[in-house]
1. What pairs come up if the first residue lies in the range 71-97 and is within 23 Å of Leu175 (Cα to Cα), the second is charged (D, E, K, R), and their beta carbons are under 7 Å apart, counting only those six or more places apart or on different chains?
2. Looking at Ala56, Ala25, Ala45, which one is among the hydrophobic types (A, V, I, L, M, F, W, C), away from the ligand (no atom under 13 Å from the Cβ), crowded, with 16+ Cβ neighbours inside 10 Å and over 20 Å from Glu114 (Cβ atoms)?
3. Quick check on the range 105-122: of everything there that is away from the ligand (no atom under 11 Å from the Cβ) and of a type in the set (Lys, Arg), which residue is nearest to Tyr39 (Cα to Cα)?
4. Does the range 176-197 contain at least one residue that is β-branched (Val, Ile, Thr) and assigned to a loop (DSSP other than H, G, I, E, B)?
5. Pull out all pairs, ordered by first then second residue, where Cβ-Cβ is under 9 Å, the residues are six or more apart or on different chains, the first lies in the range 18-32 and is charged (D, E, K, R), and the second is part of a loop (DSSP other than H, G, I, E, B).
6. Would you mention how many residues in the range 120-136 are part of a helix (DSSP H, G or I) and either over 16 Å from the mean Cα position of the chain (by Cα) or surrounded by fewer than 20 Cβ atoms within 10 Å (Cβ to Cβ) (or both)?
7. Can you confirm whether the range 86-94 contains a residue that is at pLDDT 95 or above, under 14 Å from the mean Cα position of the chain (by Cα), of a type in the set (Lys, Arg) and under 29 Å from Thr201 (Cα atoms)?
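The values are calculated or read from the model by the stated rules, or taken from the named source; none is laboratory data. Since the structure is predicted, the reported quantities are computational estimates derived from the model, not experimental observations. Reconstructed Cβ throughout: ideal geometry from the backbone, glycine too, with neighbour counts over all protein chains shown.
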Amino acid sequence: MSTPFVVAIDGPSGSGKSSTARGVARRLGFGYLDTGAMYRAVTWALLRREVDTGDAAAVAAAVGEVQTVSGTDPDAPTITADGVDVSVEIRGPEVVAHVSPVSAVPEVRTRLVELQRQAIAAAGEGIVVEGRDIGTVVATDAPLKIFLTADTAARAARRAAEEGSGDTAATAASLERRDQIDSTRTTSPLAKADDAVEIDTTDLTLDEVVDEIVTLVWERR
Ligand code: DC
């Protein structure tokens, strides 16, 4: 079996990664892996165990017990933690408030990066993987790396719509807080890989972004 073609898509919250990654995967018949959902699922499982997410040593000690499984069908991505379907819970405010400190803990990253590499190896023809460190850590040899950006107002408007929240200002503040933690953490901070193609999605439609990436895949295959 040949190695799957990996499209790595990184960028800050609300840059359009999830819709873009799913759209690209559908168009190409590829799998889709949402690594943010994995960090969220681990966070949910730690909260359920009443682990203090501000205590990195406690998080590191507990993460080995958590089992998460990701389904990679772009039409119906799934995520479970300890056998429970958590696809709705991981989008809730409690998980959102705790996911950045949890994802900064090196032991959490080591465990999830291993699971992500297993999912990539098991993909058929290709897989679109979205996150913060896919191009820089998880799949450094991916033949196509994309770094999506958008200005804060556009990102907050999209995330507020996704979360069904009318308070765009609060969403913007929460996004900027998470970006700050995600970009400045010591282990695998959010960063653009040197060989990534940067796309600013502020003034583009979803279809335009998907078209651009699909064209790049065709060129590089
Ligand atoms: O993409 P998202 O908003 O679902 O990600 C949730 C959190 O997980 C985000 O605050 C950063 C973290 N994350 C990460 O550290 N590394 C990844 N590859 C994906 C997400």
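1. Sorted first by the residue in the range 71-97, then by its partner, the pairs are Ile90/Arg40; Arg91/Glu163; Val95/Arg40; Val95/Glu89.
2. Ala25
3. Among residues in the range 105-122 that are away from the ligand (no atom under 11 Å from the Cβ) and of a type in the set (Lys, Arg), the one nearest to Tyr39 (Cα to Cα) is Arg111.
4. Looking through the range 176-197, at least one residue is β-branched (Val, Ile, Thr) and assigned to a loop (DSSP other than H, G, I, E, B).
5. If the second residue must be part of a loop (DSSP other than H, G, I, E, B), the pairs left are Arg22/Pro74; Arg22/Asp75; Arg22/Pro77; Arg26/Pro74; Arg26/Asp75.
6. 2
7. Looking for residues that are at pLDDT 95 or above, under 14 Å from the mean Cα position of the chain (by Cα), of a type in the set (Lys, Arg) and under 29 Å from Thr201 (Cα atoms), one finds none in the range 86-94, hence no.
Let's see how each residue does on (1) over 23 Å from Leu204 (Cα atoms); (2) away from the ligand (no atom under 15 Å from the Cβ); (3) not hydroxyl-bearing (Ser, Thr, Tyr):
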{"residue": "Val137", "(1), (2), (3)": "yes, no, yes"}
{"residue": "Ala142", "(1), (2), (3)": "yes, no, yes"}
{"residue": "Phe147", "(1), (2), (3)": "no, no, yes"}
{"residue": "Ala150", "(1), (2), (3)": "no, no, yes"}
{"residue": "Arg158", "(1), (2), (3)": "no, no, yes"}
{"residue": "Glu162", "(1), (2), (3)": "no, no, yes"}
{"residue": "Thr171", "(1), (2), (3)": "no, no, no"}
{"residue": "Ser174", "(1), (2), (3)": "yes, no, no"}
